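A short write-up of the structure that comes next.
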Amino acid sequence: MDLILEPQGPGPWLPLQAGRTCLARVREIYPHGNAPIGSNEMILSMGPGLAAQLLPVEVGTRLKLVTEFTPDLAGVRTAIGGGPLLATQGESLKRRSKDPRNPRTAIGWNDKEFFFVVVDGRSKELSIGVGFAELADLMVELGCKEALNLDGGGSTTLWLGGKVVNHPSEKGVERNVANALVLVRKM
């Protein structure tokens, strides 16, 4: 379900920032998702499991959006979420060796370099993917001191030089996703 939200009152709104509270009003509801987004609007998108847990929401419902984090991220300009943590202080975090093998996307770093890793999967002819333990070990082998798993599965896509250079698991087609990690050269 997608809720299209508009600002309610004079308080902070877009861009959403950590450590703030925004007041919103539900302008439209798209029960099956894929809502279009307009200027000065935000979309709260949720799967059926979470949507079923909400109190009834209808057009006109007022919401309070609280963006508090532990640790406090007030003032942070850009952040990325993911999980699980794969490595810390140069050590692979031990995980179940029976993790399912899937396409995976990860980011890692050390004192001098960043590593973007994309592993295809779900294709007997190309790659069946990796589990978290294998990916954690790979990140450490590459030289990562810290590493984090990002959204994988059908979202695992590497776009380079204007084209997709891996083999997305959804029949080779890019999945529509809400965000991306982009690396650009500073000119």
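Only the coordinates and a few stated rules stand behind these numbers; no lab work does. Please read all numbers here as calculations on a predicted model, not as lab measurements. Every residue, glycine among them, receives a Cβ derived from its backbone with ideal geometry; neighbour counts consider all protein chains shown.
Hey, what number do you get for the chain at 222 nm if only DSSP H runs of n ≥ 4 count, each worth -39500 (n - 2.57), divided across all residues, to the nearest 500?
So the calculated ellipticity at 222 nm is -2500 deg cm²/dmol.
Percent relative contact order of region 2-66, based on C-alpha pairs within less than 8 angstrom and at least six residues apart? Normalised by residue count, the contact order of region 2-66 is 45 percent. Given +1 at the Cβ of Lys and Arg, -1 at the Cβ of Asp and Glu and no other charges, the dipole of the chain around its Cα centre is 60 debye to the nearest 20.
Inverting the pair-averaged 1/r between distinct Cα atoms of region 85-164 gives 12.8 Å as its Kirkwood hydrodynamic radius. For an R0 of 30 angstrom, estimate the FRET efficiency from the Cβ-Cβ distance between L181 and V57 and round to the nearest 0.05. For L181 and V57, the calculated efficiency is 0.45.
As I understand it, the value is the acute angle between the Cα axis of helix 132-142 and the longest principal axis of the Cα atoms of the chain; what does it come to in degrees, rounded to 10? That works out to roughly 60 degrees. A prolate overall shape is assigned to the chain, the ratio a/c of its alpha-carbon gyration tensor axes (a ≥ b ≥ c) being 1.5 or greater and a/b exceeding b/c.
Give me the net charge of G60's neighbourhood, meaning all other residues with Cβ under 10 Å from the Cβ of G60; Lys, Arg count +1, Asp, Glu -1.
+2
Take 115-127, 71-83, 144-156 and order them by the average number of nearby Cβ atoms within 10 Å per residue, most first; the result is 144-156, 115-127, 71-83.
Other residues with beta-carbon under 13 Å from the beta-carbon of D99 carry, at +1 per Lys or Arg and -1 per Asp or Glu, a net charge of +4.
Averaging Cα coordinates gives a centre for region 22-42 and one for region 158-175; these two points are 29 Å apart. Pairs of Cα atoms nearer than 8 Å and 6+ residues apart set the relative contact order; for the chain it is 18 percent. Taking square-rooted eigenvalues a ≥ b ≥ c of the alpha carbon gyration tensor, is region 2-66 rounded, prolate or oblate, where a/c under 1.5 means rounded and, failing that, a/b exceeding b/c means prolate? It is prolate, given that a/c is not under 1.5 and a/b is the larger ratio. Each other residue within a Cβ distance under 13 Å of V118 adds +1 if Lys or Arg and -1 if Asp or Glu, for a net charge of -2.
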